[in-house]
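Input: a single structure, listed below in structure tokens.
Bear in mind these aren't lab numbers, they're just calculated from the coordinates by the rules spelled out. Predicted model, so just to flag it, every value in this text is computed and none were measured. Here the Cβ positions follow ideal geometry from the backbone for every residue, glycine too, while neighbour counts run over all protein chains shown.
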Amino acid sequence: LPSDHISHYDLNKLTTSPDALAKKEEVLILTPMSRFLPQYWANLQKLSYDHSLISLGFILPRNNDGDVALKQLEEAIKDASTNNQLKYKKITILRQDSNSLDSQLEKDRHALKVQKERRSMMALARNSLVFTTISPTTSWILWLDADIVETPETLIQDLVAHNKPVISANVYQRYYNEEEKKNAIRAYDFNNWVESEEGLKIAASLPEDEIVVEGYAEMATYRPLMALFYDANGDQHTEMALDGVGGGAVMVKADVHRDGAMFPSFPFYHLIETEGFAKMAKRLGYEVFGLPNYLVYHYNE
Ligand code: GDP
Ligand code: MN
């Protein structure tokens, strides 16, 4: 046997600390990507956590969108490496073996009737991504969607500083307010929420294989939504306990995934994908949090 054929890793020595950078803890950034946005890539490159401690993992759909995004991603990687700016520990690019929706237009992918199918496909993609890229040295996993185009440069340090099993940033969007004739921001991701009596009632009334989705008038849950708790004058470090999370920018201790928390592609307590993940993490005994005053920005299409 070659001498490097057997690897020993003591998972007890793998730490997740609020001062992760000082402890040289490794972070795996995972991005399902149906479109490549240069702004996403530029923002990623600017993250100030030591890149040699960061690994990147991407999963792209096997459709035409995926072909296009893959070319652009590879091009961006090539450019960065010729400019000697590519210091990541490892980059893994996966092509999905499961299906995706054909139309990714915002109005199509946000229609209520496609949510179960779409979110279930996304769940499979996220699971493939995390289960193939997590390594014995991964301390933290940052889920970062491909259309998150602006975050603080200290995103990783800021999220790990809270030292929570799961913690989600608040996903907003920049837009031009026509009435006030000025640039403004608005809430984008409504999947970060606190469960409500009404939400539980709706769930209890549903057949076993039906899901509750958030942000649709047809299904009024009255759940407190983190997006609406943003206070421009508030403390960036304010935490709020959550029951559901979105996937925009979420930091997860790798042990949460190692313990088996994944993205259910099937209704789990009537929840799927990232919201089902939050539920599963909680059932495993982990607490889930969000930072209402810590904003990251979603692309405005
Ligand atoms: P929304 O922000 O809730 O509308 O959801 P998105 O459509 O933006 O999807 C969330 C993330 O998954 C983004 O990073 C997308 O680029 C990515 N994505 C969307 N559809 C697919 C897909 O079919 N396969 C993969 N691998 N990624 C996808
Ligand atoms: Mn998106």
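Think of the chain as a dipole: +1 on every Lys or Arg Cβ, -1 on every Asp or Glu Cβ, centred on the Cα centre; then among LEU73, THR31, PHE190, LEU73 lies furthest on the positive end. Spacing of the modelled spin labels on VAL68 and LYS90, each 7 Å from Cα toward Cβ, amounts to 3.2 nm. Taken about its Cα centre, the chain carries a charge dipole of about 620 debye when Lys and Arg each add +1 at the Cβ and Asp and Glu each add -1 at the Cβ. Pairing the Cα long axis of helix 64-82 with the longest principal axis of the chain, what angle in degrees results, from 0 to 90 and rounded to the nearest 10? Result, in degrees: 40. For the stretch 37-143, the C-alpha radius of gyration divided by 2.2 N^0.38 Å, with N the number of residues, is 1.18.
If you take the beta carbon distance between HIS162 and ASP102 as r and set R0 to 41 Å, what does 1/(1 + (r/R0)^6) give as a FRET efficiency, to the nearest 0.05? Once rounded, the FRET efficiency stands at 0.60. Helical runs assigned H by DSSP (4 residues or longer) give the chain a calculated mean residue ellipticity at 222 nm of -8000 deg cm²/dmol, each run adding -39500 (n - 2.57) before division by the residue total.
Between amide H atoms placed 1.01 Å from N, distances below 5 Å from LEU94 occur with PHE58, ILE59, LEU60, all of them 5 or more places distant or on a separate chain. Which residues does the label zone of ALA22 cover in the stretch 229-270, counting backbone N under 16 Å from a point 7 Å along Cα→Cβ? Counting only backbone N, you get no residues. Taking 0.36 nm per residue of separation and subtracting the current Cα-Cα distance, fully stretching the chain between THR238 and TYR9 would add 78.9 nm. The mean of 1/r over all pairs of different alpha-carbon atoms in the stretch 41-97, once inverted, gives a Kirkwood hydrodynamic radius of 12.1 Å.
Contact order for the chain, expressed relative to its length and based on alpha carbon pairs under 8 Å spaced 6+ residues apart, stands at 23 percent. Applied to the stretch 288-300, the Karplus parametrisation 6.51 cos²θ - 1.76 cosθ + 1.60 on θ = phi - 60° returns per-residue 3J(HN,Hα) values of 10, 10, x, 10, x, 9, 9, 9, 10, 10, 8, 4, 9 Hz, with x for Gly and Pro. Pairs of Cα atoms in the stretch 156-296 fall into 5 Å distance bins, from 0 up to the last occupied one, in shares of 2, 10, 19, 21, 19, 14, 8, 4, 2, 0 percent. Ratio of Rg to Rh for the chain: 0.96 [Cα atoms; Kirkwood radius as inverse mean 1/r over pairs]. One decimal place: the segment ASN83-SER196 gains 35.6 nm when fully extended, by the rule 0.36 nm per residue minus the C-alpha distance.
Of the chymotrypsin sites (Phe, Trp or Tyr not before Pro) found in the stretch 216-257, the ones in coil according to DSSP and having at most 13 other Cβ atoms within 10 Å of their Cβ are TYR222.
Can you give the angle from 0 to 90° between the axis of helix 115-133 and the longest principal axis of the chain, with both taken from C-alpha atoms, to the nearest 10? That works out to roughly 20 degrees. Rg over Rh for the stretch 116-171 works out to 0.99, using Cα positions for both radii and the Kirkwood form for Rh. The Cα-based radius of gyration of the stretch 215-266, divided by its Kirkwood radius, gives an Rg/Rh of 1.02.
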